[in-house]
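Below: the structure, in structure tokens.
A short reminder: the numbers here are calculations on the coordinates, not readings from a lab. The structure displayed is predicted, hence computed values, not measured ones. Here the Cβ is made from the backbone with ideal geometry for all residues, glycine too, and neighbour counts use every protein chain on show.
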Amino acid sequence: MILVCGIPSETPLRMVISHLESLGVPFLVFNQRQFATSAMWFEIDQQEIRGQLRIGGETHALSDIHSVYSRLMDDRLLPELAGEAPESPLRNHCRSLHDTLMRWMEIAPELVINRCAPMASNSSKPYQNQLIREQGFLTPETLITNEPALVREFRAKNRRVIYKSISALRSIVEEMSDEDEDRLERIRHCPTQFQVFVEGTNVRVHTIGGEVFATAVRSAATDYRYAARQAGEPAELREVTLSPDLSEQCLRLARTLRLEFAGIDLKITPDDEVYCFEVNPCPAFSYYEANTDQPISAAVARYLAKGNSSGAHSAYP
Amino acid sequence: MWLVLCSSTDVPALWAYQGLRQLGFGPLELVLTDGLARASHWEHRLDARGIHLNFTLADGRVIDATRIRGAVNRVLFPSTIPEWAVSPDRDYVQAELHAFYLSWLNSLPGVVLNRPTATGLCGSWLHASEWALRAGRAGLTTRRYQQAAQDSPEHGGVPPVADASLRRVIAFDGQVFGAPVPRGVANGCIKLAQDVETALLGLDFQVDPGGEWNFCDASPCPDLSLGGMPLLRSVAQVLQEARP
């Protein structure tokens, strides 16, 4: 049995569910929005994990679940909780249910895409960059500081400089301008990240179950996710094939970070140098699949269907 | 130079700082998180030459990573966020500071006790369920852990332990410090510390009337005074072995 967690109408989840249906494999969907009719418990006794998950009117033994795909959204923001008091029984049940589910996923011996602890490296981009560098990738020259003079010096030396957040909170990557220099005093309250702009082609690499899907992105925008806003036209995406060495390097990076499914952001320079910006542990692959027809969701479904029998996944360490 | 990084209320860390100085270990700098919060200058670089760190504390001390040989790291969370910061800016600053601390702490050279991980700034902070599973796999006797999506008080974790039956130890460098421990338990403590890649790990046990040691909890930020001077001598030796 495969367990799929999240909101089934969300595009990436919907695509994976569609492929699971095509494969004809048994699967179960935990729809977060129906938390009120769901329940769960588990216990650990002498290293054995036992428990049950009830969804709707049906109860399932956790031992029957051999793989999990999770795209849980922040349960505190579910529409069903709008208007609920902070400690209301419904809100407490929702939090407790999600906590129980996530705690079990963290230690379950089954294939889990992805566990929370490995995903946490993405909560600090410069920390993750240190791990990325250990795998032989170049990372952009970076300065994190609360000293305006250092930023001015960094920009004067490197000409094109971008700034962006370093935590998991998303920010729009912007190129630093003269106007930005005028407000640099604000960084004194919070060290801020500045990076040398790297010329080249953006490549998003999805790794799943030993497969590699690479998408080249052509855009004049600094942050291609916001291409229409920054450059006036949407980004162009096309499938590309990486060299065997680079493919293996990407797979090794994902394995090192213990991510079953990863979205690796590369930039390949005109001199064929490969920079890695970050590894996304919960990739919204549907954007890339919709624009290139790359069968990423099918690969996720196949990997889930193999579950423990694939032998490829990193079981609970 | 070695650092002791801790908050001004971290009594065990302050005890360790004084104890290490009494042992003649140094040069040793006490860096308080309160001082880090008011640091006037932060410079953290990642470039082709490597990873660099330089900061100036409010009292004027300059800490340059090139001079650091190691650290006792007890940073639990980033420095205090100014009162005037309100949500959503406050949440943003909090996340950014945590990300920043994780990176610069990880970049410290030499032996760092403990190195940060993605789950904790001073080592692995695991949930009770994960400690229970890992402790069992390390050969320690564990009590049954239960968790359910119910509000009833009988569910959730493991039952509390009476103080009288609680024993606390510290696993470090292949030894166990603190309360005298049966050999099999000591081996399990050392194995668990290795498994979670945490050099200095505190472990709590409940000893039942029959003398059975049952694992209760673990922490990468234990009360160092439990290990007394023998622990500090061992810490000093491990830190000393780090090359500049």
Per the 1/(1 + (r/R0)^6) rule, R0 = 35 Å and r from the Cβ atoms of B:ARG183 and B:ARG90, FRET efficiency to 0.05 is 0.10
Taking the alpha-carbon distance from A:LYS125 and a cut-off under 27 Å, which lysines remain once sequence neighbours fewer than 8 residues away in the same chain are dropped?
A:LYS157, A:LYS164, A:LYS267
Would you pull out the residues with amide H under 5 Å of B:TRP2's amide H, same chain only if 5 or more places away, H placed 1.01 Å from N?
B:LEU28, B:GLU29, B:ARG69
What whole-number volume per residue, in cubic angstrom, does the convex hull of the C-alpha atoms of the protein assembly as shown give?
174
Just the number: Rg to Rh for the stretch B:18-94, Cα atoms, Kirkwood Rh, two decimals.
1.04
D (Stokes-Einstein, µm²/s), Kirkwood Cα radius, the stretch B:128-219, 1.002 mPa s at 20 °C
159
Which residues does the label zone of A:GLU199 cover in the stretch A:266-299, counting backbone N under 16 Å from a point 7 Å along Cα→Cβ?
A:267-275
Using distinct alpha-carbon pairs, which all enter the 1/r mean, Kirkwood radius of chain B in Å
19.4
Springs between alpha-carbon pairs under 10 angstrom, Gaussian network model over chain A: which of A:LEU169, A:LEU20, A:LEU53 fluctuates most?
A:LEU169
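When you have a sec, figure out the Kirkwood radius of the stretch A:113-188 from all distinct Cα pair distances and drop it here in Å to one decimal?
Averaging 1/r across every pair of different Cα atoms and inverting gives 14.2 Å.
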How many angstrom lie between the C-alpha centres of the stretch A:245-287 and the stretch A:106-161?
13
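Report the charge-dipole magnitude of chain A in Debye, nearest 20, computed about the Cα centre from +1 at each Lys and Arg Cβ and -1 at each Asp and Glu Cβ.
So the magnitude is around 240 debye.
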If you average the sequence gap of Cα pairs under 8 Å that are 6 or more apart and divide by the length of chain B, what percent do you get for the contact order?
19
If you wrap the stretch A:200-278's Cα atoms in a convex hull and average its projection over all directions, what's the area in nm²?
5.1
For a quick protection proxy, order the peptides A:71-82, B:62-73, B:190-201 by their average other-Cβ count within 10 Å, most packed first.
B:190-201, B:62-73, A:71-82
Relative contact order %, the stretch B:128-219, counting alpha carbon pairs below 8 Å whose residues are six or more apart
33
Local charge sum around B:LEU201 (other residues, Cβ-Cβ under 13 Å, Lys/Arg +1, Asp/Glu -1)?
-2
Would you compute, from DSSP H runs of 4+ residues alone, the mean residue ellipticity of chain A at 222 nm, taking -39500 (n - 2.57) per run and dividing by the full residue count, rounded to the nearest 500?
-9000 deg cm²/dmol
For chain B, take the longest principal axis of its alpha carbons; what is the angle in degrees between that and the long axis of helix B:183-195, to the nearest 10 within 0 to 90?
40
Taking 45 Å as R0, compute the FRET efficiency from the Cβ-Cβ separation of B:ARG38 and A:MET73 and round it to 0.05.
0.75
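Rg to Rh ratio, chain A, alpha-carbon atoms and Kirkwood radius?
1.00
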GNM of chain B, Cα pairs under 10 angstrom: of B:GLN150, B:GLN94, B:GLN18, the biggest fluctuation goes to B:GLN150
What is the dipole size for the protein assembly as shown, taken about its Cα centre, with +1 at each Lys and Arg Cβ and -1 at each Asp and Glu Cβ, in debye to the nearest 20?
980
